[in-house]
Amino acid sequence: MKEFDTICGIATPIGEGGISIIRVSGDRSKEIVNKIFCAKNGKSMDDMKSYTMRYGYIKDINNKDTIDEVIISFMKGPRSFTAEDVIEINCHGGVISTNKVLEEVIKAGARLSEPGEFTKRAFLNGRIDLSQAEAVMDIIRAKTDLSMKSAMLQHEGALSKEINKLREYMLNTLALIEYAVDFTEDEEEIDPDIPIKVESEIKKAIDRMHYLLKNADEGRIIRDGLSLAIVGKPNVGKSSLLNALLKEKRAIVTDIPGTTRDIIEEFISLDGIPIRITDTAGIRETDDIVEKIGVEKSREKINEADLVILMLDISRELEEEDKEIINSIIDKNYIVLLNKMDLENKISEKEIKDLNNKIYVSAKQEVGLDNLKEKIKEMFFSGSVDTESLIISNNRHKQALYRALENCETAYEKVKMNEFLDLISIYVTASLKALGEITGSELEEDLVNKIFKDFCCGK
């Protein structure tokens, strides 16, 4: 365990509530809190056992005035979240009371924690690896049951186990190469079985990497959400669709073209899949300055989206505006919703025969939306989501795994070409280093700091 100073931070959201928790971690945590805590039973904290709680008061360190009524809990390292001595102060919820208690902890000798510093210490002290540490924030930010499950799997070490298995293949390969190089005399031929064994170990790693990466895009969507943009000319039913999917009137619906002038973004859960829906302003030529800005934003969202839903009003003939929008999305993942199916169809099949993924709906009457949901699952998850889809969900992990795979494949080709084993070991080592970036065993300090800076201060 590394030596650190003692830190403190608010571990619960700031605001009115039943309780707030202030976390203190470090070798001096008990000593520091003892300076400001007065137990109801008059006992000192010196004899307080691990995993016990004590009721009392936080006192002003200078004049001994009562600040708040609290319950403190003590967890002795290394059997704590940070693997250090940890004390949690449960005080009354509220901005003033929480900050007053925090101020006293700082006066007593603790330092205010940096973002993510508690979790960072858990990582640096070896209690969790980097992928498990990153999962902590994923748990906090999870928007659906599936994204929560994905984060929990990662936090429990599902990804770590996979990476350690791959590292074992790489280390076995390096051990074989080292044996061949160090224990073979210059005039001797290398044991012909060794290249065969090297090839076998590398092939195992390649196959497993391909398997993990196959579901990486699905995992990313489960973690971050599927970005979906609803586009179409004004008054085709985009806002009605958004309201129907949300089951609430979030967007204003009128018969006046150009009512939606700004981007409206909302999250929905589609059988556990988080979907970030963007209702865009109707795309058309306009002289209205505000509406023009909205149209430009809409075009940007089309480019950023994982999936574009194009809405066409079948009660009106296809116009030039519709055709321009069709041309702008044709190279993207898209679904065409032929809206207002309850009205007379004035768009011929011939006009839209080249478009894929067409679904007839009535957004206002909420007809055909189940077909839309099934089509989304079919396009991005082959109709269902399995546990394997949840393992690789972080883009940083995906990129590192790709680099590991590239080096493995190069090494594999070199083995098949009977290249020198010394050369092959360079690519195997590079692959091993890329895998280490996922768990944190091979990572620059600057990148570690960058990962943790997006955490909340009390975590």
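Points to keep in mind about this one:
- Listing of strands (runs of 3 or more DSSP E) fully contained in the stretch 1-99 that carry 3 or more residues being surrounded by 13 or more Cβ atoms within 10 Å (Cβ to Cβ) and either touching a residue at least 24 places away in the same chain (Cβ under 8 Å) or in contact with an Asp or Glu (Cβ under 9 Å, 6 or more places away or on another chain) (or both): 7-10, 19-25, 52-59, 66-75, 86-92
- Residue that is nearest to Asn34 (Cα to Cα), among those in the stretch 104-116 that are out of contact with any helix residue (DSSP H, G or I) (no Cβ under 7 Å at 6 or more places or on another chain) and of a type in the set (D, E, K, R): Lys107
- Any hit, the stretch 382-395, residues being surrounded by 14 or more Cβ atoms within 10 Å (Cβ to Cβ), at negative phi and of a type in the set (Ser, Thr, Tyr): yes
- Members of the stretch 338-351 that are modelled with pLDDT of 85 or more and either outside the structural domain of Asp271 (by TED's automatic domain parsing) or at negative phi (or both): Leu338, Asn339, Met341, Asp342, Leu343, Glu344, Asn345, Lys346, Ile347
- Sole exception among (1) at pLDDT below 85; (2) crowded, with 23+ Cβ neighbours inside 10 Å for Asp255, by number: (2)
- Candidates are the residues of the stretch 126-157 that are farther than 23 Å from Pro78 by Cβ and small (Gly, Ala, Ser); the one that is surrounded by the most Cβ atoms within 10 Å (Cβ to Cβ) is Ser150.
- In the stretch 410-437, the residues that are over 30 Å from the mean Cα position of the chain (by Cα), surrounded by 13 or more Cβ atoms within 10 Å (Cβ to Cβ) and in contact (Cβ under 8 Å) with a residue 60 or more places away in the chain: Ala411, Tyr412, Val415, Leu421, Ile424, Ser425
- When residues of the stretch 77-123 are limited to those that are closer than 24 Å to Ile61 by Cα and basic (Lys, Arg), the one farthest from the chain's Cα centre (by Cα): Lys107
- Taking the criterion of being without any contact (Cβ under 8 Å) to a residue 40 or more places away in the chain and surrounded by 12 or more Cβ atoms within 10 Å (Cβ to Cβ), the residues of the stretch 362-371 that qualify are Ser362, Gln365, Val367, Gly368, Asn371.
- A single member of Ile196, Ile177 is crowded, with 19+ Cβ neighbours inside 10 Å and either basic (Lys, Arg) or in the same structural domain as Ile426 (by TED's automatic domain parsing) (or both), and it is Ile177.
- The stretch 184-227, residues that are of a type in the set (Asp, Glu) and modelled with pLDDT under 85: Glu185, Asp186, Glu187, Glu188, Glu189, Asp191, Asp193, Asp217, Glu218, Asp224
- Of the residues making up the stretch 396-414, none is at pLDDT below 90, among the β-branched types (Val, Ile, Thr) and farther than 17 Å from Phe123 by Cα.
- Any hit, the stretch 132-139, residues being over 13 Å from Phe455 (Cα atoms) and within 19 Å of the chain's Cα centre (by Cα): yes
The values are calculated or read from the model by the stated rules, or taken from the named source; none is laboratory data. Bear in mind that the values here come from a model prediction, so they are computed numbers and not experimental data. A quick note on method: Cβ atoms are made from the backbone with ideal geometry, for glycine too, and the neighbour counts reach across all protein chains shown.
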